[in-house]
2 protein chains.
Amino acid sequence: MPGGTDQTLRPFLWRTERLYPDTEIVSRTADGIKRYDYTDYGKRVAQPANALEDADITSDARVGTFCWNHARHFETYFSIPSSGRQLHTINPLLPDEHIQYIVENAVDELLFVDPSLLGKLESSHDADAFSSVEQFVVMGDAVPETTLNAVDYESFIEGHATEYDWPSLSEEKSAGLCYTSGTTGKPKGVEYTQKMLWTHTMATLTPQGLGIDDSDVVMPVVPMFHVNAWGMPFSATAAGAKHVYPGPSPTPEDIAQLIEEERVTITAGVPTVWLGLLEYMEDNTVDLSSLEEIVIGGSAAPKSVIKKFDDLGVDVLHAWGMTEMSPIGSVARLKPEMEDWSPDRQHEKQGKQGLMVPGVEFRVIDENGEEVPWNGDDFGELWVRGPWITTEYFERPEANEEDFEDGWLKTGDVVSVDSDGYITIVDRTKDVIKSGGEWISSVELENALMAHTGVAEATVIGVPHDRWQERPVAFVVPTDNTDEESITEELLELLGEDYPKWWLPDEILFIDEVPKTATGKFSKKDLREEYNDSSLVEGKAPEESARESE
Amino acid sequence: MPGGTDQTLRPFLWRTERLYPDTEIVSRTADGIKRYDYTDYGKRVAQPANALEDADITSDARVGTFCWNHARHFETYFSIPSSGRQLHTINPLLPDEHIQYIVENAVDELLFVDPSLLGKLESSHDADAFSSVEQFVVMGDAVPETTLNAVDYESFIEGHATEYDWPSLSEEKSAGLCYTSGTTGKPKGVEYTQKMLWTHTMATLTPQGLGIDDSDVVMPVVPMFHVNAWGMPFSATAAGAKHVYPGPSPTPEDIAQLIEEERVTITAGVPTVWLGLLEYMEDNTVDLSSLEEIVIGGSAAPKSVIKKFDDLGVDVLHAWGMTEMSPIGSVARLKPEMEDWSPDRQHEKQGKQGLMVPGVEFRVIDENGEEVPWNGDDFGELWVRGPWITTEYFERPEANEEDFEDGWLKTGDVVSVDSDGYITIVDRTKDVIKSGGEWISSVELENALMAHTGVAEATVIGVPHDRWQERPVAFVVPTDNTDEESITEELLELLGEDYPKWWLPDEILFIDEVPKTATGKFSKKDLREEYNDSSLVEGKAPEESARESE
């Protein structure tokens, strides 16, 4: 059999460590800005790899991280997968019960955890769920008071060799793991093989992906637990670019300062982040002269944001993807012939989910199982396939049957495609609400509401919100003799026991009946159309974002 | 096992056919410029795929091409591999005997051949060697008089469906085949799997590869039988770029005209081509305003060429690769901090073989098997590995033993690496001469010379040549009583029987003894140092290039 060597992450690190030894990795921390170069990084990746071995962590163990965006977290991005283990990034914004389930399901042997997230981890701590975890490593140089069996990161790696003979791994080896919240049931794990990470990295480097080069300064604001910060730490390494990590809970001011001082050229995050920056810039002067591109994903990029940044000389790259897609599928770059269009017409295109990057194939399937024409009107479910798109969930055969067919991933997004090939999401087949780039399961909230004796039927939908893109609103059909005023309080308390504050509906409305489809199912489409009005939730969302609230 | 769908060429064609239906493919032909768009291309790729099936060509057959750079040849780049077959591009500049061997060794079932190359194919024709070939298809709409069983391309595809249900192929399937002339013995075949072509394509798209985008107009002057024109037809397709094919034997005027009229942005070829263009520009005004990059490979790019194009506002990208590497390994792009350097210092760097692209690993091994330091002085043999670098030759186990070790390809190039990581070729461990980007085997010539009774010893080296980069010079130790004057004619006649005119040494020098190494081998290094002087062959090379002479 001819064929080259396996596709793994190793060459990316090897190359940049050797060709760009002085390129910096910058990290905002509680103690100010920290920086070191790729030579140091190479050593600081070797040390934890040696430490994991010495700690008797299995050679192909899953190792969890429970961290914000910083250099130590980035060190785990290579030390774990390149030593043959599996990097399992855990979303600390999830309900406790989900975190328990995820750690239990993944059987993580060790967890790296941020000092600021220790409390959340303790509250999620459940002896059964965490029984596989032999060691907690706190991302700092000291361990705060904790009930967990923890050591600090610097002590964990100290004294270990700064070289590691990175093995030749099979490209089919599992290298990453990320859970995605579904509509029903438990979160589903998506494994990333070495090959998936390799192919995704190469695709993002291309000019039709993110086009990252060695002259770039890359700052992922999107959390590193969100599908590896959309793969940017790997892409920036492969390109030999400078990395900037904004640390825990960066404010708009922090983000502005990092862009200015580190001369960031490309950054990425959910719309809420950029709305925040624009708001901050209303009262403050920020030098964006270094900034070339903002990648916006996770939720639809508002056209106003695209326009405002365009006026400031910054291109917004609206990207679409999924946890199942490693995650990038499409990027709304303009085609060459559109360069002469009016700004308005350009922003219209840039607001779409965009063009699939080279390597991905898609089709749009209507209710009759037929492909829809690319006319911008007809719509159907988007199916995708490609080398970095998974073809199964981790140990969830029943979910596989639902979401995959003949190698295609059925995305659950309902889209139209215009005659230029740009995709637009028009609806979701799945009941999820996206608040500030984070998923809220409407079905979970509904089940919790209907568990109350005063509730006959309940349904939860997302309504548009200026800052968070969507916020949940509950529609409740009370049983007879229920007092609407008192039950509202009770219901919110009930939900608050199991779910974080940012999951709670901003409004509970009482109705006589939930609209039904012909087959008797809740028809959320009707409710969504009727309540497609941001005034319903205006000023009612929690002030703190999901991120800041933790 | 998690993991995405296989890495094949199919999505590249699918995407561009759908997203860039109006983008053009332009071809210079004997009847002038022909052009069509990707919609047409998609149909014209489906038709031959259907025709191959109807002609009962085995579903995984090897199918040869014996063609220059034009749209019909480009059609075979997808119709053959995407239908599951193997695209075998044959170099028509090789000695007849090599061509016979190659077709016999590959067992090609069908050969696509240019009208202008029919004569060469007929002269190479040997009933045994070509016995596997069931059909010759002439790349035109009529068949010139020929002894071969031939049909013209348009008749071959006419009436066949313009759609084809491209199968889901394994990424391990052989998709391409190209032979490389070695130092001794027969040419060696290098197979390209679907995955190798996919990974090479993605690597060339990255900004540190060739950085091809949908706004580019790509013109490969490098022949399509040279490692798939360095992969550019695949890269341009994946990017949705416009293609320009310069047809058979383009003159500098043809090249200039195509750049001007088609607004070429990126082109590629061996140094001789660009020397020719610069020479032409001494007496003619050429508008190079569209041109951004010239990729120079095959032989070292002279610094004067880099400087002259830089003065004209065109970046020369010096690239290095091998048939075994699909072929691109390194590209001499400047690092960001070098942008401020003086032009002279920049050209120095750009004249090196450059930086390995993301995905490739290398090491430089000295005589003691140790890695040499990156100091620009120490040198050793360059070893490389990566997903698009082969790990074996086609059916040549004895050659495998020599050229591969632990997944590394031993390139035979002796290099130093400077402290910035730029590679410079300082010598070859293998005895080959590169004339105008084509290989001449010195060992074959030596053996042929020594077959003459008047020759005691003979050795052939390449000496520098302004236009062809290297030209062969023979050193002959005559036997006693040999008349040097008469034997010179005899030897050239002898070589002329088996080898093309451009292989013949420009000079035969008589010496008393061939310098030997300590172990008694011919020491060409000494001769190369002594005769490192282009005046030796100045004005003596055949006027026509290898390409033009055919």
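Selection within region A:324-345: residues that are more than 23 Å from residue A:268 (Cβ to Cβ) and not charged (D, E, K, R). The member of this set that is nearest to the other protein chains (Cβ to nearest Cβ) is A:336.
Please list, ordered by residue number, the strands (runs of 3 or more DSSP E) wholly in region B:1-94 having 3 or more residues that are at pLDDT 95 or above and more than 30 Å from residue B:498 (Cα to Cα).
On the way: elements: B:24-29, B:32-37, B:62-66, B:86-89.
Ranges flagged: B:24-29, B:32-37.
Select from region B:122-142 the residues that are of a type in the set (A, V, I, L, M, F, W, C) and touching a helix residue (DSSP H, G or I) at 6+ places or on another chain (Cβ under 8 Å) and write down the one among them that is surrounded by the fewest Cβ atoms within 10 Å (Cβ to Cβ). Break it down stepwise before answering.
Here is the first cut: in region B:122-142, the ones of a type in the set (A, V, I, L, M, F, W, C) are B:127, B:129-130, B:133, B:136-139, B:142.
When the remaining residues are screened for being touching a helix residue (DSSP H, G or I) at 6+ places or on another chain (Cβ under 8 Å), the result is B:129-130, B:133, B:136-139.
Details: B:129: 18, B:130: 20, B:133: 20, B:136: 22, B:137: 26, B:138: 26, B:139: 27.
Per the criteria, the residue is B:129.
Before we move on, is residue A:225 within 14 Å of another protein chain (Cβ to nearest Cβ) and out of contact with any Asp or Glu (no Cβ under 7 Å at 6 or more places or on another chain)? For residue A:225, the condition - within 14 Å of another protein chain (Cβ to nearest Cβ) and out of contact with any Asp or Glu (no Cβ under 7 Å at 6 or more places or on another chain) - is not met. Residues in region B:97-132 that are in contact with a Gly (Cβ under 6 Å, 6 or more places away or on another chain) and either among the charged types (D, E, K, R) or part of a loop (DSSP other than H, G, I, E, B) (or both): B:108 alone. Against the condition under 22 Å from residue A:535 (Cα atoms) and not hydroxyl-bearing (Ser, Thr, Tyr), how does residue A:501 come out, does it pass? For residue A:501, the condition - under 22 Å from residue A:535 (Cα atoms) and not hydroxyl-bearing (Ser, Thr, Tyr) - is met.
For residue B:171, state whether it is modelled with pLDDT of 95 or more and surrounded by fewer than 22 Cβ atoms within 10 Å (Cβ to Cβ).
The answer is yes for residue B:171.
Here residue A:288 passes the criteria (1) within 22 Å of residue A:265 (Cβ to Cβ); (2) within 13 Å of chain B (Cβ to nearest Cβ) except the one numbered (2). Checked against (1) part of a helix (DSSP H, G or I); (2) touching a helix residue (DSSP H, G or I) at 6+ places or on another chain (Cβ under 6 Å), residue A:163 meets all criteria but (1). Take residue B:231 and tell me if it is within 14 Å of chain A (Cβ to nearest Cβ), buried (at least 24 other Cβ atoms within 10 Å of the Cβ) and either acidic (Asp, Glu) or touching a His at 6+ places or on another chain (Cβ under 6 Å) (or both). The answer is yes for residue B:231. Looking only at region B:202-212, residues that are surrounded by 24 or more Cβ atoms within 10 Å (Cβ to Cβ) and within 8 Å of chain A (Cβ to nearest Cβ) come to 6 in all.
If you check B:489, B:485, which single one turns out to be part of a helix (DSSP H, G or I), at pLDDT below 90 and closer than 21 Å to residue B:539 by Cα? Write out each step before concluding.
Details: B:489 fails: at pLDDT below 90.
Result: B:485 is the single residue among B:489, B:485 that is part of a helix (DSSP H, G or I), at pLDDT below 90 and closer than 21 Å to residue B:539 by Cα.
When residue B:215 is tested against the conditions (1) under 26 Å from residue B:272 (Cβ atoms); (2) within 14 Å of chain A (Cβ to nearest Cβ); (3) in contact with a Pro (Cβ under 9 Å, 6 or more places away or on another chain), the lone failure is (1).
When region B:399-415 is examined, which residues are found to be in contact (Cβ under 8 Å) with a residue 12 or more places away in the chain and away from chain A (no Cβ under 12 Å)? Walk me through it before giving the result.
The initial filter retains those residues of region B:399-415 that are in contact (Cβ under 8 Å) with a residue 12 or more places away in the chain, namely B:399, B:403-405, B:407-415.
Residues satisfying the conditions are B:399, B:403, B:405, B:410, B:411, B:412, B:413, B:414, B:415.
Summed over region B:7-33, residues that are surrounded by 20 or more Cβ atoms within 10 Å (Cβ to Cβ), closer than 27 Å to residue A:193 by Cα and within 10 Å of chain A (Cβ to nearest Cβ) total 6. Listed by first and then second residue, the pairs with beta-carbon distance under 7 Å, at least 6 apart or on different chains, first residue in region B:487-509 and outside the structural domain of residue B:97 (by TED's automatic domain parsing) and of a type in the set (Asp, Glu), second crowded, with 17+ Cβ neighbours inside 10 Å and part of a helix (DSSP H, G or I), are B:498/B:448.
Yes/no per residue for (1) surrounded by 24 or more Cβ atoms within 10 Å (Cβ to Cβ); (2) under 25 Å from residue B:463 (Cα atoms):
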residue: B:259; (1), (2): yes, no
residue: B:283; (1), (2): no, no
residue: B:286; (1), (2): no, no
residue: B:289; (1), (2): no, no
residue: B:299; (1), (2): no, yes
residue: B:303; (1), (2): no, yes
residue: B:311; (1), (2): no, no
residue: B:316; (1), (2): yes, yes
residue: B:321; (1), (2): yes, yes
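Taking region A:34-55 as the range and being surrounded by fewer than 18 Cβ atoms within 10 Å (Cβ to Cβ) and without any contact (Cβ under 8 Å) to a residue 40 or more places away in the chain as the test, the residues that pass are A:34, A:35, A:36, A:37, A:39, A:40, A:53. When region A:351-398 is filtered for residues that are charged (D, E, K, R), under 30 Å from residue A:175 (Cα atoms) and more than 13 Å from every other protein chain (Cβ to nearest Cβ), the ones remaining, listed by number, are A:381, A:398.
Return the only residue of B:177, B:197, B:169 being in a loop (DSSP other than H, G, I, E, B) and either within 14 Å of chain A (Cβ to nearest Cβ) or of a type in the set (Phe, Trp, Tyr) (or both). Reasoning before the result, please.
Values: B:177 fails: in a loop (DSSP other than H, G, I, E, B); B:197 fails: in a loop (DSSP other than H, G, I, E, B).
Just one listed residue meets the conditions, B:169.
In region A:420-445, of all residues being within 14 Å of chain B (Cβ to nearest Cβ) and surrounded by fewer than 23 Cβ atoms within 10 Å (Cβ to Cβ), the one that is farthest from residue A:500 (Cα to Cα) corresponds to A:420.
The values are calculated or read from the model by the stated rules, or taken from the named source; none is laboratory data. The structure presented is a predicted model; accordingly, all values stated were derived computationally and were not measured. FYI the Cβ positions are ideal-geometry reconstructions off the backbone, even for glycines, and counts take in every protein chain you see.
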